[in-house]
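The next block holds one structure in the form of structure tokens; read it before the comments.
A short reminder: the numbers here are calculations on the coordinates, not readings from a lab. Because the structure is a prediction, the values reported are computed rather than measured. Here the Cβ positions follow ideal geometry from the backbone for every residue, glycine too, while neighbour counts run over all protein chains shown.
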Amino acid sequence: MPSATITSNSVGVTGISSLKESLQSNKENHVAPQAPAPAPPLKEITSSLGAKVEALKRELSEDNRERERLKERDKAPSAPLASIQNLQPPETKKFREVDYVGFATLPNQVYRRAVKKGFEFTLMVVGESGLGKSTLINSMFLTDIYSQEYPGPSLRTKKTVQVEQCKVVLKENAVNLTLTVVDTPGFGDSVDNSNCWQPIIDYIESKYEEYLNSESRVLRKQIPDNRVHCCLYFIAPSGHGLKPLDIECMKRLHDKVNIIPVIAKADTLTPDECCHLKKQILNEIAQNKIKIYDFPEMIDEEANKVQKPLRERVPFAVVGANHVFEVEGRKVRGRKYPWGIVEVENMEHCDFIPLRDMLIRTNMSDLKEVTANIHYENYRSRKLGGVHTDGKPAKVSNKNPLAQMEEERREHESKIKKMESEMEQVFEMKVKEKTQKLKDTEVDMHRRHEQMKKGLEQQEVELMEKRAAFEAEVKEWENSNGVTLAELRRKSLESSSKEQVDGKENKKKKKGLF
């Protein structure tokens with residue numbers, strides 16, 4: 001644009017000089033008539049031309065300012081709109097459409113595609129049973145992911161270390177979020193907690209393995225991201241810092257997933273106890289060289305000033321609640337005690353708001369990027385570089401690829417045979433247990449049969465004795481009365497038949513009277 005201005009000025013000066021030369025030549029070659037007309041003075045001509053040049057300069061400067069304004073407007077990224085249908089390219093004037101390319105709509109294109117595709121996020125919660133993990137998840141996402149009809153895993157499963165996931169689709173302002181909550185019921189509840197973190201590590205690495213296999217396929221479609229993006233590690237509010245189990249588990253997990261430490265049930269601590277516990281936990285984390293998720297600083301200075309006090313609240317002391325109460329005309333989530341109500345969304349009571357803002361509203365995308373660019377890439381490099389999970393390098397082989405494949409096939413067959421033998425042993429053991437159980441049942445039934453047989457025989461003897469006594473009593477009665485039971489039965493039958501005959505004759509006589 002400056003070059004255009006210089007060119008215009010040079011054209012104006014050149015025009016003045018040529019005009020002067022033409023006037024001079026006219027003076028020299030002109031033959032005056034008898035009554036020559038007086039020529040205008042040179043000063044007037046120069047001043048008029050100078051005014052025209054100044055007007056041209058002003059017009060060019062206004063044109064340059066207009067071009068600069070359009071460039072600055074095109075550089076500024078447009079904010080995503082609330083509705084996809086309303087996304088339109090920025091309007092320009094008709095005489096300026098030549099200067100508009102259209103790449104300024106790239107943010108809108110990315111926004112439309114992201115909203116159409118939806119978002120995926122996997123959240124893992126690790127901690128002992130009874131620390132309120134399921135309640136906190138319900139409070140964070142304002143939904144009943146775990147309810148009485150579908151209780152949390154800690155209430156549904158046995159007290160063994162297991163890994164269970166629950167996948168739900170949440171919708172907020174036309175944005176879909178596929179949330180996967182991974183729980184670890186039974187963690188730290190056993191007497192012997194040796195290697196209780198191994199199922200958690202296996203689950204995280206299995207999701208990395210699934211993603212790596214999907215990337216390695218020849219025909220790759222849209223790959224679902226089931227990798228664990230964040231791990232909320234719940235710490236018991238004991239007031240004595242981290243337990244040895246917490247330290248060992250966080251050491252095993254810190255290079256595989258983003259860890260955010262959380263102090264559970266903070267309403268059981270006083271403010272001084274909570275502050276002291278936070279300092280103690282941070283000191284122990286630093287002493288044991290445990291890497292927790294570092295919340296990034298914001299680019300905007302004002303936003304960074306707002307986020308800095310929230311980052312300083314790590315580890316977050318939280319309280320979860322499923323009940324809503326009315327306090328001073330407003331409804332709040334909280335826990336009701338005889339001395340008052342602990343409000344979940346009150347920063348003076350707990351750190352629930354900082355945790356939710358830092359995890360969901362500010363850094364959810366960064367958590368996914370750190371998982372993809374750091375933790376997953378570390379696993380991928382170890383996997384492709386032949387490094388085992390424990391960090392030991394695998395043996396480098398110079399064998400022929402076909403020979404190596406044959407050796408791997410033999411190893412695989414040996415593993416299958418070993419598994420078959422183990423399964424056969426288990427099957428034989430189960431058969432023996434079942435056979436022994438059947439034998440025990442048979443012995444028990446035979447014993448019960450003998451008992452019932454003896455009881456029936458004894459009952460039969462008693463009945464025979466009663467019958468003999470009854471017959472003896474009958475004989476004694478017959479002897480004492482001089483008549484037998486058979487004679488009594490015969491006489492009673494004869495008397496009854498005689499009564500029936502007499503009754504019929506009496507009826508006939510009565511009929512004959514009329």
Around Gly340, with a cut-off of 15 angstrom between Cβ atoms, what is the net charge of the other residues, counting Lys and Arg +1 and Asp and Glu -1? -2
For every other residue with a beta carbon closer than 15 angstrom to the beta carbon of Ala303, add +1 if it is Lys or Arg and -1 if Asp or Glu, then tell me the sum. -2
For segment 264-290 and segment 414-493, what is the centre-to-centre distance using only Cα atoms, to the nearest Å? 71
Rounded to a whole number of µm²/s, how large is the Stokes-Einstein D of segment 118-384 at 37 °C and 0.692 mPa s, given Rh as the Kirkwood radius over C-alpha pairs? 168
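Taking 31 Å as the cut-off for C-alpha to C-alpha distance, list the pairs among Lys265/Lys331; Lys383/Lys430; Lys117/Lys415 that go past it.
Values: Lys265/Lys331 21 Å; Lys383/Lys430 38 Å; Lys117/Lys415 42 Å.
Lys383/Lys430; Lys117/Lys415, as the Cα separations exceed 31 Å there.
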State the antiparallel share, in %, of DSSP beta bridges confined to segment 201-353, rounding to the nearest 5. 55
With both bridge residues required to lie in segment 118-384, what share of the DSSP beta bridges run antiparallel, to the nearest 5%? 50
Neighbour net charge for Cys196 - beta-carbon separation under 11 angstrom, K R +1, D E -1: -3
Under a point spin-label approximation (7 Å from Cα along Cα-to-Cβ), what is the Gln109-His449 distance to one decimal in nm? 8.6
If the chain between Ser492 and Ala286 were fully extended at 0.36 nm per residue, the gain over the current Cα-Cα distance would be 62.9 nm
Given H placed 1.01 Å from N in the peptide plane, which residues other than close sequence neighbours of Ala317 have an amide H under 5 Å from its amide H? Ile263, Asp351
Could I have the simple spin-label model distance between Val191 and Lys331, label points 7 Å from Cα toward Cβ, reported in nm to one decimal? 4.9
